[in-house]
Amino acid sequence: MSDLQKDFLKAKLSRLPPPTSLFPPLEEDEEAEAEAEGDDIYHHEYDSFPTGGPEFKSKYSDDTASISSASSASSTATVRPLPPKHSSSTGTVVHATSPTSSSFPRPRRSKKNLSPLPWSDYFAEKRSIPITTTTEDGATVTNTFNTYLTPPSGGTLFVTHHGAGSSGLSFAVLTSEILRLDPSCGVLSFDCRGHGETTTTDDNDLRLPTLRADFVAVTSTILAELDAKRGDGKKTDCILVGHSLGGAVVVDAAHSGDLGRAVLGYAVLDVVEGSAVEALGNMTRYLDSRPKGFRDVEQAIDWHIRSHTIRSPESARVSVPALLKPAPEASHPDINYTWHTDLPPTAPLWSTWFTALSKKFLESRGGKLLILAGTDRLDKELMIGQMMGKYQLVVCPEAGHFVHEDEAGRVAGALVEFCKRQAPLVLPPKVGMGVKGT
């Protein structure tokens with residue numbers, strides 16, 4: 001390029017407006033405000049997060065960075081209309097800009113509402129049910145089970161059992177979805193021993209026969225009360241619904257026949273014997289990777305959402321508070337709440353929960369529904385049973401392990417349709433029958 005051409009281009013470029021940055025600098029008051037707010041609740045929450053080890057902290061730091069990067073990328077990749085054009089004195093077409101504005105505004109993230117939601121938004125009643133039983137050594141004990149109930153109005157009662165480390169409120173959002181689809185139905189959900197607000201003489205006895213006996217006792221008590229209130233002499237039908245460990249409990253209860261013919265069918269949520277047993281090897285590592293505790297309930301809700309343990313913010317806000325208890329005074333200074341249920345000591349029982357689960361699921365009386373987050377969870381026995389049409393299979397590929405919380409609407413729809421198919425067939429009276437001999 002000759003010197004004459006360079007001089008010509010310099011003169012031409014000098015007439016153009018000054019360049020502007022993609023993200024203009026914040027004003028002093030805006031910068032102070034952003035620093036005070038931390039831009040969002042996730043920006044500074046986990047720098048000193050008490051966890052089970054450095055591996056988890058590194059993972060969480062990477063996760064925080066990826067979320068921040070994704071937010072910035074989504075802002076810069078958004079296609080926005082360009083501002084109106086005008087012509088400069090040189091005839092070159094340029095876009096109207098200013099040093100303090102941009103077509104791509106600085107990304108700002110808003111705070112999320114992480115306040116807990118009350119149980120009363122989802123259930124009609126919360127009651128403590130005393131259950132008196134006889135132990136193996138002949139002693140009589142009374143255990144008190146915390147229950148959440150919305151009685152049916154002429155329809156079927158869904159009786160739920162949560163998984164290990166969870167609580168009865170994990171079915172709260174699912175309950176509202178079921179009642180929205182069929183207001184005549186009811187839902188009973190309770191905290192099993194060692195979980196939530198239930199108190200027993202031995203909260204560490206999480207053996208499958210013990211959990212089944214508790215489930216049958218609570219369900220029988222509520223069914224008896226509902227039958228007495230009906231006044232028409234009819235019995236209340238029920239559908240058993242269990243998630244994870246709860247799925248093993250309801251299948252064991254259905255297989256035992258302890259609830260009689262009141263059970264129309266049962267549904268198991270995201271638990272299969274084969275994949276469950278295979279996953280037990282990673283369970284200890286998962287529990288060690290969890291935070292040891294939380295500063296407040298909102299931080300616990302936040303962790304469950306951000307870690308995708310629970311993908312529904314609404315469900316997390318109602319179910320997570322029941323998973324916590326006040327931390328001992330001698331714990332970490334930043335920990336005010338810790339996990340209610342100590343799961344590592346129950347490790348010797350994990351394999352016993354799921355032994356022969358597939359066999360009992362296929363053999364038990366009543367309709368059968370299996371809802372999974374992926375078909376890869378099916379074991380050989382269930383695959384054969386599915387091909388033979390022995391049960392109904394519903395897959396929710398966008399959900400995590402807590403499928404009833406992540407996809408409450410879809411799971412509720414599957415349960416209500418399943419319930420309708422299990423309802424006893426009522427035939428009309430026969431008419432027009434002639435008299436014999438005429």
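The values are calculated or read from the model by the stated rules, or taken from the named source; none is laboratory data. The model shown is predicted, which means the values in this text are computed figures rather than measured ones. Glycine also receives a Cβ, built like all others from the backbone with ideal geometry; neighbour counts cover every protein chain displayed. Surface areas here come from the heavy atoms of the whole protein model, side chains and all, with no ligands, DNA or RNA. Shrake-Rupley method; radii C 1.70, N 1.55, O 1.52, S 1.80 Å.
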Report residue 332's accessible area, 1.4 Å probe, all protein chains in place, as a number in Å² to the nearest 10. 80
Here the net charge surrounding residue 339, from other residues whose Cβ is less than 13 Å away from its Cβ (Lys, Arg +1; Asp, Glu -1), is +1
Using each residue's phi in the stretch 244-251, evaluate 6.51 cos²θ - 1.76 cosθ + 1.60 at θ = phi - 60° and report the 3J(HN,Hα) Karplus result to the nearest Hz, with x for Gly and Pro. 6, 4, x, x, 5, 5, 5, 5
In terms of the Cα gyration tensor, with a ≥ b ≥ c the square roots of its eigenvalues, is the stretch 337-438 rounded because a/c is under 1.5, prolate because a/b exceeds b/c, or oblate? prolate
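Do the alpha carbons of any pairs in 235/359; 229/368; 360/390; 359/380 sit beyond 19 Å of each other, and which pairs? Walk me through the numbers on the way to the answer.
On the way: 235/359 29 Å; 229/368 29 Å; 360/390 12 Å; 359/380 11 Å.
Pairs exceeding 19 Å: 235/359; 229/368.
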Given the whole protein assembly as supplied and a 1.4 Å probe, what does the accessible area of residue 277 come to in Å², nearest 10? 70
What net charge do the residues around residue 225 carry, taking every other residue with its C-beta under 14 Å from that of residue 225, with Lys and Arg at +1 and Asp and Glu at -1? +2
Amide hydrogen neighbours beyond the local backbone of residue 367, cut-off 5 Å, H modeled: 265, 266
Name the residue from 364, 323, 354 whose Cα lies farthest towards the positive end of the charge dipole of the stretch 239-398, charges +1 on Cβ of Lys and Arg and -1 on Cβ of Asp and Glu. 364
Please compute the modelled spin-label separation between residue 112 and residue 325, points set 7 Å along Cα→Cβ, answer in nm with one decimal. 2.8
Report residue 407's accessible area, 1.4 Å probe, all protein chains in place, as a number in Å² to the nearest 10. 50
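When the chain is fully extended, how far beyond the present Cα-Cα distance does residue 133 get from residue 363, taking 0.36 nm per residue of separation?
Numbers: separation 230, 0.36 × 230 = 82.80 nm, distance 2.84 nm.
Using 0.36 nm per residue and subtracting the Cα-Cα distance, I get 80.0 nm.
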So between residue 207 and residue 425, what do we pick up on full extension, going 0.36 nm a residue minus the alpha carbon distance? 74.7 nm
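Test of understanding: what is the full-extension gain from residue 126 to residue 140, defined as 0.36 nm times their sequence separation minus their Cα-Cα distance?
On the way: separation 14, 0.36 × 14 = 5.04 nm, distance 2.57 nm.
That works out to 2.5 nm of additional length.
Tell me the net charge near residue 402. Cut-off is 11 Å between Cβ atoms, residue 402 excluded, with +1 for each Lys or Arg and -1 for each Asp or Glu.
Working: positive: 311; negative: 270, 405, 406, 407.
Net of charged neighbours comes to -3.
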